[in-house]
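Notes follow the structure.
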Amino acid sequence: MDGYLIDSHAHIADDDYDQDREAVLERARAAGVRLVLNIGYDRDSSLRSLDLAERENMVYAAVGYHPHDAEAVTEASYEELRRWCQHPKVRAIGEIGLDYYRDLSPRDAQDRVFRRQLALALELGLPVVIHDRDAHEDLLRVLREEGAGQVGGVMHCFSGDEELARRCLDLGFHIGLGGPVTFKNGQTAQAVARMVPDDRLLIETDSPYLAPVPYRGRRNEPAHVRLVAEAIAALRGLPLESLAEVTSANARRLFRLPDLD
Ligand code: NI
């Protein structure tokens with residue numbers, strides 16, 4: 001395949017991959033994936049993300065505190081986050097956001113931690129990787145109130161409908177799509193996959209979660225972003241190569257990733 005794929009959201013620094021991480025990256029390369037943005041969600045995973053990015057050329061990092069962890073975040077946590085962001089391979093703050101589905105941290109803590117990280121992203125000029133679970137209205141309001149459109153970012157593993165996608169696009173955000181576009185019951189994601197403008201579409205795996213068909217239910221890995229790309233290319237009536245080119249150009253521009261061609 002000419003062109004290459006970028007997995008814009010994976011958690012391969014997690015211990016799920018401790019036994020075979022090299023092989024996982026090798027399979028990704030064999031599938032045409034040349035860059036992976038590895039995403040932190042708490043202190044440990046952010047440090048691991050930095051460490052992996054230091055060891056692996058093809059891996060870049062995002063760092064931040066997920067809403068599940070919001071209650072544990074202290075002033076020292078923000079100082080640490082600010083320090084991590086100076087690392088040359090950190091390209092985004094994330095994943096951050098609101099999660100009203102599991103509500104593992106109180107909502108006021110989620111709101112506070114989300115806003116602080118958005119403010120830091122604006123100060124440092126870094127895009128944000130957004131996690132939104134059943135919190136659409138509050139999430140959009142916070143993004144608007146904090147002026148997050150100035151740095152932009154991605155609605156990762158976007159789970160809303162076309163109308164919500166339009167509102168996120170209006171705020172200046174990208175839409176990240178993954179495994180659900182391949183699911184039999186993935187009609188909503190498939191409709192979104194058809195309507196996102198070329199210059200706002202990103203593809204991702206969210207490994208180890210959300211493996212596409214035919215791996216659904218198993219551990220996901222960055223190589224499978226190719227299956228996501230194939231599904232979206234078919235939905236948009238494009239050859240895989242064009243879809244790869246468009247989505248990789250978007251990921252490079254948003255996250256300032258190197259152009260490997
Ligand atoms: Ni994730």
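The values are calculated or read from the model by the stated rules, or taken from the named source; none is laboratory data. The shown structure was predicted, so the numbers you read here are calculated from the model rather than taken from an experiment. Note that we place each Cβ from the backbone using ideal geometry, even for glycine, and neighbour counts take in every protein chain shown. For the accessible areas, the whole protein counts, side chains as well, though only heavy atoms, and no ligand, DNA or RNA atoms are used. Shrake-Rupley method; radii C 1.70, N 1.55, O 1.52, S 1.80 Å.
A few notes on this one:
- Candidates are the residues of segment 27-49 that are under 22 Å from GLU245 (Cα atoms) and assigned to a loop (DSSP other than H, G, I, E, B); the one that is farthest from the ligand (Cβ to nearest atom) is GLY32.
- Residue list for segment 12-26, restricted to those being under 13 Å from GLU221 (Cβ atoms) and in a helix (DSSP H, G or I): ASP16, TYR17, ARG21, GLU22, ALA23, VAL24, LEU25, GLU26
- Check on ASP16, of a type in the set (Asp, Glu), open to solvent by 10 Å² or more (accessible area, probe 1.4 Å) and touching a Pro at 6+ places or on another chain (Cβ under 7 Å): yes
- Any hit, segment 1-11, residues being outside any strand (DSSP E or B), within 16 Å of the ligand (Cβ to nearest atom) and under 21 Å from ARG219 (Cβ atoms): yes
- Cβ separations smaller than 8 Å between residues 6+ apart or across chains give the following pairs from segment 9-25 residues that are under 15 Å from ASP51 (Cβ atoms) to residues that are part of a loop (DSSP other than H, G, I, E, B) and more than 16 Å from the ligand (Cβ to nearest atom): LEU25/GLU56; LEU25/MET58.
- Residues of segment 133-156 satisfying the condition of being crowded, with 16+ Cβ neighbours inside 10 Å and outside any loop (DSSP other than H, G, I, E, B): ARG133, HIS136, ASP138, LEU139, LEU140, VAL142, LEU143, ALA148, GLY153, VAL154, MET155
- Hits in segment 173-208 - residues which are in a loop (DSSP other than H, G, I, E, B), exposed (fewer than 15 other Cβ atoms within 10 Å of the Cβ) and either touching a residue at least 12 places away in the same chain (Cβ under 8 Å) or among the acidic types (Asp, Glu) (or both): LYS184, PRO197
- Residue in segment 218-228 that is touching a His at 6+ places or on another chain (Cβ under 7 Å), crowded, with 22+ Cβ neighbours inside 10 Å and assigned to a helix (DSSP H, G or I) present: no
Residues checked against (1) open to solvent by less than 50 Å² (accessible area, probe 1.4 Å); (2) assigned to a strand (DSSP E or B):
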| residue | (1), (2) |
| --- | --- |
| PRO88 | no, no |
| GLU95 | yes, yes |
| ASP103 | no, no |
| VAL113 | yes, no |
| ARG116 | no, no |
| GLU123 | no, no |
| HIS131 | yes, yes |
